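S.K.: Dropping a structure here in structure tokens format, bear with me for questions.
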Amino acid sequence: MATLSLCSTSSPSTTLSKNQTFLNTLSVPKANSNVTFLSHSLSSLNLRFSKPNSFSSFVPKSSESEAPVAEIESDPEEPVATPAVEATSLEPKREEIFAVVMVGSRQYIVFPGRYIYTQRLKGANVNDKIILNKVLLVGTKTSTWVGKPVVPNATVHAVVEEQLKDKKVIVFKYKKKKNYRRNIGHRQPITRIRIMGITGYQDSPAVTLADLEAAK
């Protein structure tokens, strides 16, 4: 908000006729503005700005800015519809089990549903079902079946998925002062099999946690 002040050194009667034409060109301020003409002379023009006390005029009222909220009254006697929740029966999780099986001259830890890479199984084609009967150990969260050296009647069922070769291994030979260099690559043939299940171990005696605590 600005206040316009016009000050003059001469009398208003002598300068009124001279400045009448210029005053007609001035725009008349609005009724709600704070522009005040203190004198009709334009010999000296002073502009004084008054800082507003607060910004309350620029902040919209809560009733103007916020939209009205409609309240819905519900009849207490009318039943409220609730979504129906279907009761699903939780199936018990299958006991986690693993086994240590020997394939060729190596030992592998196998889990049902997972696959492993073994040495090349000769005569095995893709999608052939195989049985691994050299089971050295079978274990769960609560019990363990230890073989001496194998667990009796324990078998691991698997399916051949792919016959492939392993990553290349570089064999480099070198002899000093003889100008001897040999660079040979080798890819070992391997077989990927997927473990389907472990069976036949239940008939063997198991070692539980209670037995280990009793032995102490």
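The values are calculated or read from the model by the stated rules, or taken from the named source; none is laboratory data. These figures come from a predicted structure and were not determined experimentally. Backbone-built Cβ (ideal geometry, glycine too); neighbour counts: all protein chains shown. Note: areas computed on protein heavy atoms with side chains; ligands, DNA, RNA excluded. Shrake-Rupley method; radii C 1.70, N 1.55, O 1.52, S 1.80 Å.
S.K.: Being in contact with a Lys or Arg (Cβ under 9 Å, 6 or more places away or on another chain), under 22 Å from residue 112 (Cα atoms) and surrounded by 10 or more Cβ atoms within 10 Å (Cβ to Cβ) is true for just one of 169, 135, 146, 159. Which residue is that?
M.R.: Result of the check over 169, 135, 146, 159: 159.
The rows are residues; the columns are (1) in contact with a Ser or Thr (Cβ under 7 Å, 6 or more places away or on another chain); (2) of a type in the set (Ser, Thr, Tyr).
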| position | (1), (2) |
| --- | --- |
| 133 | yes, no |
| 136 | no, no |
| 142 | yes, yes |
| 149 | no, no |
| 158 | no, no |
| 161 | no, no |
| 165 | no, no |
| 176 | no, no |
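S.K.: Hey, another quick one. Identify, please: which residue in segment 102-128 is assigned to a strand (DSSP E or B) and in contact (Cβ under 8 Å) with a residue 60 or more places away in the chain and is, among those, farthest from residue 156 (Cα to Cα)?
M.R.: Looking at residues that are assigned to a strand (DSSP E or B) and in contact (Cβ under 8 Å) with a residue 60 or more places away in the chain, I get 119.
S.K.: Considering only residues that are in a strand (DSSP E or B) and open to solvent by 40 Å² or more (accessible area, probe 1.4 Å), look in segment 190-205 and name the one that is farthest from residue 111 (Cα to Cα).
M.R.: So, considering only residues that are in a strand (DSSP E or B) and open to solvent by 40 Å² or more (accessible area, probe 1.4 Å), the one farthest from residue 111 (Cα to Cα) is 192.
S.K.: Next question. Please determine whether any residue of segment 145-165 is among the polar types (S, T, N, Q), over 22 Å from residue 99 (Cα atoms) and in a strand (DSSP E or B).
M.R.: The answer is yes, given that some residue of segment 145-165 is among the polar types (S, T, N, Q), over 22 Å from residue 99 (Cα atoms) and in a strand (DSSP E or B).
S.K.: Write out, first by first residue and then by second, each pair whose Cβ atoms fall under 6 Å of each other, whose residues are 6+ apart or on separate chains, and whose first residue, in segment 197-209, is under 14 Å from residue 147 (Cβ atoms) while the second is in a loop (DSSP other than H, G, I, E, B) and modelled with pLDDT of 85 or more.
M.R.: If the second residue must be in a loop (DSSP other than H, G, I, E, B) and modelled with pLDDT of 85 or more, the pairs left are 198/97; 200/153; 200/154; 201/151; 201/154; 203/153; 204/151; 204/152.
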